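Read through the structure below, which is laid out as structure tokens, and then see the notes.
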Amino acid sequence: MKRIDVLTLFPDAFESPLNCSILKRAQENGIVEIAIGNIRDFAKNKHGSVDDKPYGGGPGMVMMPGPVFDCFEHVRKLSAQEPRVILLTPQGQRFDQAKAAELSSEERLILIAGKYEGFDERIRLGLGAEQISIGDYVINGGELAAMVVIDAIVRLLPGALGDEDSHKDDSFSAGLLEYPQYTRPEVFRDMKVPDILLSGDHGKIAQWRREQALERTKRWRPDLLGETEKTES
Ligand code: ADE
């Protein structure tokens, strides 16, 4: 079983996302174990401080290294498996489907969610952590980013989705957006399901889907296409 530990100042933020739908089922079925460590439990003084003013001045507060290191060392010992350590920060490498696939083959991850103006640099240096950003915007903390990363990884684990092949046609998995999907009814408000999908000809359907995926990617996300695909019709 894979294991993902998350270090955070806001463990409650993970309650609901980890306890519904696919993430819940994956944990219940022993596909992944997800554990949350509370950095504040490792605060050093009686006020429970985990952040302080930046040296050199400037706005906001910075996460102190002590509580993060102590929480990390406690959590690491909860399993013998060596973890890959990841800080969630807007400074990180941009997360994408390829990264999700890469991380889904790791046996163990420790994700560290930051708050405030950021991490004391010694956290990254001392823990040998890599950094991941979920996009070029700033959110209020790494919690939502950690959940995005967990969600994208867990759905790729064998057995996590009911249908083993479900994620194979996902957008981005073949470098393209997904083809259009339809379900019943056949006609809805004068909009009809394309005839080809009702034809039963699986070869033709597969070809149509590939064309549609390429068409939509050209129209909506041309940045995803390589030079050969741009000229392909
Ligand atoms: N923390 C704040 N913004 C973030 C982002 N874009 N990605 C990851 N962590 C973050």
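The values are calculated or read from the model by the stated rules, or taken from the named source; none is laboratory data. Predicted, not measured: the structure shown is a model, and the values here were computed from it. All Cβ positions, even for glycine, are placed from backbone atoms using ideal geometry, and neighbour counts span all protein chains on display. Accessible surface is based on the protein model in full, side chains and every heavy atom, while ligands, DNA and RNA are left aside. Shrake-Rupley method; radii C 1.70, N 1.55, O 1.52, S 1.80 Å.
Of the listed pairs Lys24/Lys44; Lys168/Lys204; Lys2/Lys44; Lys2/Lys53; Lys53/Lys99, which have alpha-carbon separations greater than 28 Å here?
Details: Lys24/Lys44 34 Å; Lys168/Lys204 19 Å; Lys2/Lys44 31 Å; Lys2/Lys53 37 Å; Lys53/Lys99 34 Å.
The pairs that break the limit, which is 28 Å between Cα atoms, are Lys24/Lys44; Lys2/Lys44; Lys2/Lys53; Lys53/Lys99.
Do you know the relative contact order of region 171-231, to the nearest whole percent, from alpha carbon pairs under 8 angstrom that are 6+ apart?
Details: 38 pairs, mean separation 24.9, N = 61.
The normalised contact order for region 171-231 reaches 41 percent.
Report, in deg cm²/dmol and to the nearest 500, the calculated mean residue ellipticity at 222 nm for the chain, where each DSSP H run with n ≥ 4 adds -39500 (n - 2.57) and the sum is divided by the residue count.
Working: 9 runs with 80 residues, N = 233.
Value at 222 nm, helices only: -9500 deg cm²/dmol.
Taking 2.2 N^0.38 Å as the expected size of a compact globular protein, what ratio does the Cα radius of gyration of region 2-154 give against it, to two decimals?
On the way: Rg = 15.0 Å, N = 153, 2.2 N^0.38 = 14.9 Å.
For region 2-154, the normalised Cα radius of gyration comes out at 1.01.
Kindly state, to the nearest 0.05, the FRET efficiency for Lys168 paired with Gln91, given R0 = 30 Å and r defined as their beta-carbon distance. Spell out each step's value before the answer.
Numbers: r = 32 Å, r/R0 = 1.08.
Efficiency, from the Cβ-Cβ distance: 0.40.
GNM on the chain, C-alpha springs below 10 Å: top fluctuator among Gly141, Gly92, Gly57?
Comparing Gly141, Gly92, Gly57 in the GNM, the peak value goes to Gly57.
Taking +1 at the Cβ of each Lys and Arg and -1 at the Cβ of each Asp and Glu, which of Ala80, Ser49, Tyr137 sits farthest along the dipole of the chain towards its positive end, judged by Cα position relative to the Cα centre?
Working it through, the farthest residue towards the positive pole turns out to be Ser49.
Once you have the alpha carbon radius of gyration of region 171-231, what is it after dividing by 2.2 N^0.38 Å, with N set to its residue count?
Working: Rg = 13.3 Å, N = 61, 2.2 N^0.38 = 10.5 Å.
This ratio for region 171-231 stands at 1.27.
What figure, in Å² to the nearest 10, do you get for the accessible area of Ile34 with a 1.4 Å probe and non-protein molecules left out?
20
Taking +1 at the Cβ of each Lys and Arg and -1 at the Cβ of each Asp and Glu, which of Ser171, Ser199, Phe188 sits farthest along the dipole of region 171-231 towards its positive end, judged by Cα position relative to the Cα centre?
Of Ser171, Ser199, Phe188, it is Phe188.
Tell me the carbon and sulfur percent of the accessible area for the chain, rounded to whole percent, probe radius 1.4 Å.
Details: 6830 of 13700 Å².
The computed percentage sits at 50.
Mind grabbing the base-10 log of I(q)/I(0) for region 73-218 at q = 0.09, 0.21 Å⁻¹? Debye formula, identical points on the C-alpha positions, no solvent, two decimal places.
Debye intensities relative to I(0), on a log10 scale: -0.43, -1.32.
Counting Lys and Arg as +1 and Asp and Glu as -1, each charge on the Cβ, what is the dipole of the chain about the Cα centre in debye, to the nearest 20? Can you show the working numbers first?
On the way: 30 positive and 38 negative charges, 57 e Å.
Around 280 debye, computed over the chain.
If you place +1 on the Cβ of every Lys and Arg, -1 on the Cβ of every Asp and Glu, and leave all else neutral, what size is the dipole of region 91-187 about its Cα centre, to the nearest 20 Debye?
Working: 9 positive and 18 negative charges, 56 e Å.
Dipole size: approximately 260 debye.
Between region 159-233 and region 1-69, what is the C-alpha centre distance in whole Å?
Using only Cα atoms to place each centre, the spacing works out to 38 Å.
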